[in-house]
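See below for the structure under consideration.
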Amino acid sequence: MTTNNTIPEITLYFDLVSPFSYIAFQVLRNSTIFRSCKITYTPVSLRTLLTACGNPPPIMIKNKQTYINHHRLAWSRRLRIPMTETVPSDFPFPTAEIQALLCLISDTYPEKLVEIVERLYTSVWAEGDSACVTDAERYRAVIMETLGKEVLEALGREEKRAEGQALLEANTLRAIEEGAFGLPWLMCTSPAGEREGFWGVDHLGLVAEFLGLDVGMEGGFRVLMK
């Protein structure tokens, strides 16, 4: 457990196309283990990140797609995260537009970002409906319900769209500079001020250990800490 007054910090770099980012997002949001942490949710482009790092997408590697689909379901069950059994038919679907819009929301209405991401992630990976993040009319409706029509119209202006793309590029570059080569990437700062990056849902136990958090007997964390 933490023993001083410094708050452990986590930056979760995520893309809505990544099911493992979805699992990490839900764990950080809902697990009591991370309740004492300051958590920042940062939208990035997984496609750009993989390209910059020379890391081929899973669908380009023989057998990897089957492997990660199995583990997507296994980890969601173990950590009790709702997950669609069937991968959306258009996976991997494009997310550049919605990720850029989320960057704008994070920059101007950060208190609303998590609520919007929660709704979009649930639609995609709990319900298997990827159209909610690829159909502009669908995701704009979610944003309008949360932020209002005037804000949505302001975010949709051409100059704002360009700003969103620039923010997305900057976020992705920062993730790469901090060591990311895939998602989810968690950049952590311990109570002692030490910084370390972790990749993947299966390393959440190491994240908790690095930050000095008490995992107790909560669900899948017993196996994560072995």
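The table that follows gives values for the structure above.
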| read-out | value |
| --- | --- |
| R195/F93 FRET efficiency (R0 30 Å; Cβ-Cβ; nearest 0.05) | 0.35 |
| Long-range tail of P(r) for the chain (Cα pairs > 28 Å, %) | 29 |
| Potential lengthening between E150 and D107 on full extension [0.36 nm per residue; Cα-Cα distance subtracted] | 13.8 nm |
| Column: log10 I(q)/I(0), Debye, Cα scatterers of segment 123-225, q = 0.12, 0.15 Å⁻¹ | -0.68, -0.92 |
| Spacing of the two label points (7 Å from each Cα toward its C-beta) at R174 and H70, in nm | 3.8 |
| Among Y22, Y41, Y13, residue whose mean-square fluctuation peaks in a GNM of the chain (springs only between Cα atoms under 10 Å) | Y41 |
| Cα pair distances in segment 11-97, grouped into 5 Å bins until the bin that holds the longest one, percent each | 3, 12, 21, 23, 21, 13, 6, 1, 0 |
| Nearby lysines by direct alpha-carbon distance to K149 (threshold 27 angstrom, same-chain neighbours under 8 apart not counted) | K112, K160 |
| Charge dipole (debye, nearest 20) of the chain; +1 at Cβ of Lys and Arg, -1 at Cβ of Asp and Glu | 680 |
| Segment N30-A131, extension gain: residue separation times 0.36 nm, minus the distance between their alpha carbons | 33.8 nm |
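Here, each number is a calculation from the coordinates, and none is a lab measurement. Note that the coordinates shown come from a computational prediction; the quantities given were computed from them, not determined experimentally. Note that each Cβ is placed from the backbone with ideal geometry, even for glycine, and that neighbours are counted across all protein chains shown.
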